[in-house]
Structure formats: C-alpha cells, structure tokens
Amino acid sequence: MRAVILSEYGGSDVLRISEVPTPAPGDGQIRIRVSAAALNPADALIRAGALASRVPVRDHYIPGLDVAGIVDALGGGVHSFEVGDAVIGMSDWPDTQAGTHAEYVVLPATAVAAAPRHASPVQAATLPLNGLTARQALDLLAPADGATVAITGAAGAVGGYLVELAAARGLHVVAVAGSQDEELVRKLGASLFVPRSDDPAAAIRAAVPGGVAGLIDAAALGESVIGALGDGGTFVSVLGAGPAAERGIRVSQVQVHSDAVQLAELATLADAGLVTLRVDRTMPFSEAAAAHDTLASRGLRGRIVLVP
C-alpha cells in the first residue's frame, strides 16, 4: 500500500510517499481502507520527533491519528462491524504506531464507530481526535448544570467542538477568540464573546465579575487566564500540564484516548447538526509536506484533510 512515511525526524521535508506492507488485522481489530485522514498538530509532533522517546526504533513511521473509510477486513472476534461499513476511528499514536496517512490502517474495534450518515468522508475525518478531546475535556471539567464556563481558542478545531458540546449540555459558554471570530463562535453556541487580549483573565472577569466556574484552555494561555476562574473552580488544559493551582482551583490536563462509544455519540450529534464538521482544505497524500507547512502557518478554522 502507499503511505506517507518518515524515516528520520525533522521538518516537513522528511515526509515522503512509499510502498509499505499492507497490515493484517489481528484478533479484535479492523482493517480500514482509508478514504480521508485529517492532519493534526499531533502529526507535526510525530514528524519532529517529540514522541521519539515513547516509541520503539523502527525503519519508518506513518503519522496520522484520524481516519474515515470503509471496513476492509475483520480480525477474529469482531462482530460489531461488517466489511463495507463506513466508519471513523482514532489511532492511539504513539501506543499503536498505526498511522492513518496510508491507504489502509488497522485499529482495535474499540477505537472505531459508524461514520456520521450525513457527512462526507472528508468531513467525517475531522471528528475523531478533536471531538474526543473536547468531549473528554468537558468530562474532566464536570461543571454543574447551567454553569458558566470559559473556553480559550474557541474558534479552533478543538475549541469549536468544545463550544458546541458545552452548549449542548446546557452550559453558558464564554468564548475567547480573535475579534474576527465573534460571529463564528456565537453561531457555535457561545453565550458571551471575549476578544483575545494581553490580559484574558481580566477580560473574562469583566464579562463575568464573579469569575467562571470552569475553564478549558485550548489556546495554551496557562497562567495568564487562570485568574478568570472563581475560587474552587476547575481548569482543564488541552495543551501541556497547565498552570500551578491556586485558590482551591483544580488543574488537570486532558489525555485524549480512543473510545468507540463516545465516538458513536459524537457521530450522532454531528448527524443531528449539534456538532459542526469543519474542513479547511483537502490535499492528496502526495502533498503531505506542503500540508504540514500549511498547518504550521496556523490561523486555520478547520482541519486540513489528506486523501489517498
């Protein structure tokens, strides 16, 4: 099969297209013929070697965590899918080292769910990693019903899902994003909008004088935004460990993992129009290096999706 591979760590120039053996599914696994695979910041970390200490030395690695495609083969004991089913899934890279930027990928059945019925494979490929990150971050936040919570990076790929999922849970969302994104985040369900600034904590406090009950930091603002929380609130970091706790605030970091049940719930929400699948652009595997360069430019309001 054809795959995007890297045989050494470095910049986008280490990526190349190569023929590699097609993987066979083992017990409890599914082989997926890849229709589309989103490109995420995690893939840039894989390419740059940031995860090298967590994987065995191999002659090459295939990046890619997100996939949308068709079930191609089933391993022993898998009865929840049939060959030909349209599915989405997430690879728990680096544990699996099973990259989705290839014509085929093998994943555990516990990492795979039926694809949204009303989405194209390109759209569906943007859901697994970012949607699960948002879902699991909200679970860590565990806010009371109707609480007011803040979300930084609210217009980004993860942030957008956070706004929508929080709103769907009946939370009042204070969205922090660039001024140009106010219309977008309000459309996603934000109750209040706070433009990005040098003092985000003060800006959020101006909108919510008593401080918010919870905050999910999808923009890695850290210490500069923890002051937006009321005493005893909860801070969840999406990127990195987050700031030191203070004033009884609980600080945690989401460690996203595959979950077929949660992924199926997200697909249902997408079909119901409660989760928006945002694609910035589609690029072929052969342009993977250029796609990584585009990802590094930031400012994207959806995911780049690679197709075979």
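Each reported figure results from applying straightforward, stated rules to the coordinates on display, with no laboratory input. Everything numeric here is computed off the predicted structure, so don't read it as measured data. All Cβ positions, even for glycine, are placed from backbone atoms using ideal geometry, and neighbour counts span all protein chains on display.
For region 31-50, the residues whose amide N sits under 14 Å from a probe point set 7 Å from the Cα of residue 307 along the beta carbon direction are 34-38. For residue 70 and residue 207, what is the calculated FRET efficiency with R₀ set at 45 Å and r taken between the beta-carbons, to the nearest 0.05? The computed FRET efficiency comes out at 0.45. Backbone amide hydrogens, once placed in the peptide plane, bring residue 16 within less than 5 Å of 5, excluding anything fewer than 5 places away on its chain.
Among DSSP beta bridges lying fully in the chain, give the percent that are antiparallel, nearest 5. Before the final figure, lay out the partial values.
Numbers: 29 of 56 bridges.
If I count the DSSP bridges inside the chain, around 50 percent turn out antiparallel.
Once both labels are positioned 7 Å from their Cα atoms along Cα-to-Cβ, the gap between residue 180 and residue 45 label points is 2.7 nm.
Just want the ordering: 161, 9, from fewest to most Cβ atoms lying within 10 Å of their own Cβ. Could the numbers behind the result be given before it?
Values: 161 30, 9 14.
So the ranking, lowest neighbour count to highest, is 9, 161.
In plain terms, the bigger the Kirkwood radius, the slower the diffusion; for the chain, with that radius from Cα pairs, at 10 °C and 1.306 mPa s, Stokes-Einstein puts D at 81 µm²/s. When you restrict to C-alpha pairs under 8 Å that are six or more residues apart and normalise by the size of the chain, the relative contact order lands at 20 percent. Based on every Cα atom in region 130-253, Rg and the maximum pairwise Cα distance Dmax equal 12.3, 35 Å.
Evaluating 6.51 cos²θ - 1.76 cosθ + 1.60 at θ = phi - 60° for every residue in region 7-18, the Karplus couplings come out as 9, 8, 8, x, x, 4, 6, 7, 7, 8, 8, 9 Hz, glycine and proline recorded as x. Considering only 217, 59, 13, the Gaussian network model of the chain with Cα springs below 10 Å gives its largest mean-square fluctuation to 59. Here is how the number arises for the chain: DSSP H runs of 4 or more residues each give -39500 (n - 2.57), the sum is divided by the residue count, and the result at 222 nm is -7000 deg cm²/dmol.
Would you work out if region 243-292 is rounded, prolate or oblate? Take a ≥ b ≥ c from the square roots of the eigenvalues of the alpha-carbon gyration tensor; rounded if a/c is under 1.5, else prolate when a/b is larger than b/c, oblate otherwise.
Numbers: a/c = 2.57, a/b = 1.45, b/c = 1.78.
Oblate.
Once you have the Cα-Cα distance between residue 290 and residue 272, take 0.36 nm times their residue separation minus that, and quote the gain in nm to one decimal. Let's see the in-between values first.
Details: separation 18, 0.36 × 18 = 6.48 nm, distance 3.41 nm.
So the chain would gain 3.1 nm between residue 290 and residue 272.
Computed from the C-beta positions of residue 281 and residue 9 and an R0 of 41 Å, the FRET efficiency is 0.95 to the nearest 0.05.
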